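Notes to accompany the following structure.
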Amino acid sequence: MNRMHTIELAGLFAGSGRNLVVDEEIALDGFEGIAFPQPARTQLNLRVVDRLIAIDGGIDVLAQGECVGCLDDVSRELHVEVSERLDPDGDRSVDPFGETNVLVGTRLDLVDLVQQLVLTSLPMGLRCGPDCKGLCGECGANLNTGNCPHSNGESRG
């Protein structure tokens, strides 16, 4: 990901009770066959709690890809509840794979944070519905649209 959108957090540490409200649309990169055709609606509240940066709120995003069962196109609205605590003493420049790898000093990389939160909340594969019958294992027919001669009315894929 080449995009960065940083938020300076030094002001949060300047006084008690300060909050920073983030209400933005963040474009996300696709991941392993899942695309995000519209920016993610991001509504977060940032504050300092016991020397940690508390981030609470939600992210709404549209995910598109193929159903892992029948290979039809699928669009799913996802809502991610956010409740994160980041240690400002951790630093991406010191440990790029650490828990606080979205922080560089007092700067929060908002795009990276939102991307990570959305990707970790994705299901293992998108499905067109809970009752997807998949494909026939012999001829590849989509069993959601009707039976094929091989299926005898049951999914084999």
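The values are calculated or read from the model by the stated rules, or taken from the named source; none is laboratory data. The structure presented is a predicted model; accordingly, all values stated were derived computationally and were not measured. Methodologically, a virtual Cβ is constructed for each residue, glycine included, from the backbone with ideal geometry; neighbour enumeration extends over all protein chains shown.
Per-residue answers, yes or no, for (1) within 30 Å of Leu9 (Cβ to Cβ); (2) in a loop (DSSP other than H, G, I, E, B); (3) at pLDDT 85 or above; (4) not assigned by TED's automatic domain parsing to the domain that holds Val48:
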residue	(1), (2), (3), (4)
Asp112	yes, no, yes, no
Gln115	yes, no, yes, no
Glu138	no, yes, yes, yes
Gly153	no, yes, no, yes
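How many of the residues in the range 52-64 are more than 18 Å from Glu24 (Cβ to Cβ) and buried (at least 20 other Cβ atoms within 10 Å of the Cβ)?
Let us first name the residues in the range 52-64 that are more than 18 Å from Glu24 (Cβ to Cβ), namely 52, 54, 63-64.
Subsequent filtering for residues that are buried (at least 20 other Cβ atoms within 10 Å of the Cβ) retains 63.
Residues in the range 52-64 being more than 18 Å from Glu24 (Cβ to Cβ) and buried (at least 20 other Cβ atoms within 10 Å of the Cβ): 1 in total.
Which ones in the range 10-24 are modelled with pLDDT of 85 or more, surrounded by 12 or more Cβ atoms within 10 Å (Cβ to Cβ) and within 12 Å of Leu46 (Cβ to Cβ)? Steps first, answer last, please.
Just the residues of the range 10-24 that are modelled with pLDDT of 85 or more, to begin with: 19-24.
Next cut, surrounded by 12 or more Cβ atoms within 10 Å (Cβ to Cβ) only: 20, 22, 24.
Once the filter is applied, which keeps residues that are modelled with pLDDT of 85 or more, surrounded by 12 or more Cβ atoms within 10 Å (Cβ to Cβ) and within 12 Å of Leu46 (Cβ to Cβ), the range 10-24 yields Leu20, Val22.
Only one of these conditions is not met by Leu86: (1) buried (at least 18 other Cβ atoms within 10 Å of the Cβ); (2) of a type in the set (A, V, I, L, M, F, W, C); (3) modelled with pLDDT of 90 or more. Which number is it?
(3)
Anything in the range 25-51 that is surrounded by fewer than 17 Cβ atoms within 10 Å (Cβ to Cβ), part of a strand (DSSP E or B) and either under 15 Å from the mean Cα position of the chain (by Cα) or without any contact (Cβ under 8 Å) to a residue 12 or more places away in the chain (or both)? List them, or say none.
Glu25, Phe31, Ala35, Arg41, Gln43
Please indicate, with yes or no, whether at least one residue in the range 94-104 is out of contact with any helix residue (DSSP H, G or I) (no Cβ under 6 Å at 6 or more places or on another chain), in the same structural domain as Leu28 (by TED's automatic domain parsing), surrounded by fewer than 18 Cβ atoms within 10 Å (Cβ to Cβ) and modelled with pLDDT of 80 or more.
No: the range 94-104 contains no residue that is out of contact with any helix residue (DSSP H, G or I) (no Cβ under 6 Å at 6 or more places or on another chain), in the same structural domain as Leu28 (by TED's automatic domain parsing), surrounded by fewer than 18 Cβ atoms within 10 Å (Cβ to Cβ) and modelled with pLDDT of 80 or more.
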